[in-house]
Amino acid sequence: MARKGLLIVLSGPSGVGKGTVRAAIFAKGNQKFVYSVSATTRKPRPGEVDGKDYFFKSREEFEAMIENKKLLEYAEYVGNYYGTPLEYVQETLDKGKDVFLEIEVQGALQVREAMPDGVFIFLTPPDLHELESRIVNRGTDSDEVIKNRMKVAREELCLMKYYDYSVVNDKVENAVQQIEAIIQTEHLRIQRNIESIEEFEDELEEILEEE
């Protein structure tokens with residue numbers, strides 16, 4: 001029987017660079033986990049690909065997924081829905097493969113309730129001025145949307161206490177190294193290796209009986 005995979009959740013306020021950090025992790029090509037693509041009703045940004053960066057859905061399609069309980073989590077953020085398709089995550093974890101989620105804070109807290117044994121990492125900006133600068137420099141949001149994002153970001157930073165780890169995204173390569181170290185450490189935790197310990201105990205009992 002395959003050991004269940006590890007659920008890794010990367011979250012943080014809008015503009016902190018979650019997507020950039022996630023892309024850098026997967027660009028290395030040596031990760032042993034798979035990325036679970038989220039669904040959203042927001043419009044694609046330049047360069048984003050449907051099915052790779054997000055599953056881009058209409059509002060009607062997304063609400064049908066909610067009604068049919070096909071999402072592990074979902075949230076409405078600055079006028080758009082974001083969510084994680086449930087079936088893929090469950091099947092992948094059951095096969096013993098790790099799943100990496102990059103999601104909004106509201107959704108991450110929902111996942112924490114549903115799957116408390118996951119690893120929850122909060123990505124933070126060096127400071128709020130840097131966060132605002134990153135959002136403005138995207139060039140994709142109106143002044144009103146930027147204002148709303150900053151308001152929500154301040155609220156989300158207060159929710160960091162519900163996560164297991166915090167990583168400052170000052171430089172992408174530094175954040176990537178720290179996240180990889182967290183994942184490696186989590187795999188070595190005793191409580192995640194109970195099955196192996198029980199197997200050792202069974203083998204030891206058999207040896208003692210033969211002597």
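The values are calculated or read from the model by the stated rules, or taken from the named source; none is laboratory data. Remember, predicted model here, so these are calculated numbers, not experimental data. Cβ coordinates were reconstructed from backbone atoms using ideal geometry, including for glycine residues, and neighbour counts include every protein chain displayed. We work out accessible area using only protein heavy atoms, side chains counted, and drop any ligands, DNA or RNA first. Shrake-Rupley method; radii C 1.70, N 1.55, O 1.52, S 1.80 Å.
Annotations for the structure displayed:
- Residues being open to solvent by 10 Å² or more (accessible area, probe 1.4 Å) and in contact (Cβ under 8 Å) with a residue 24 or more places away in the chain - total across region 104-123: 8
- Restricting region 77-90 to residues that are on the phi < 0 side of the Ramachandran plot and at pLDDT below 90, the residue that is surrounded by the fewest Cβ atoms within 10 Å (Cβ to Cβ): GLU87
- Hits in region 40-69 - residues which are touching a Phe, Trp or Tyr at 6+ places or on another chain (Cβ under 6 Å), farther than 16 Å from ARG22 by Cβ and surrounded by 17 or more Cβ atoms within 10 Å (Cβ to Cβ): THR41, PHE62
Residue-by-condition table, conditions (1) surrounded by 12 or more Cβ atoms within 10 Å (Cβ to Cβ); (2) of a type in the set (Asp, Glu):
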| residue | (1), (2) |
| --- | --- |
| ASN148 | yes, no |
| LYS151 | no, no |
| ASP164 | yes, yes |
| VAL168 | yes, no |
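- The residue of region 1-35 that is least open to solvent (accessible area, probe 1.4 Å), among those that are hydroxyl-bearing (Ser, Thr, Tyr) and either at positive phi or at pLDDT 90 or above (or both), is SER11.
- All positions within region 36-49 that are in a loop (DSSP other than H, G, I, E, B), closer than 25 Å to LYS97 by Cα and among the polar types (S, T, N, Q): SER36
- Region 50-168 holds strands (runs of 3 or more DSSP E) entirely within its bounds, and those carrying 2 or more residues that are over 30 Å from GLN191 (Cα atoms) map to 54-56, 71-77, 80-85.
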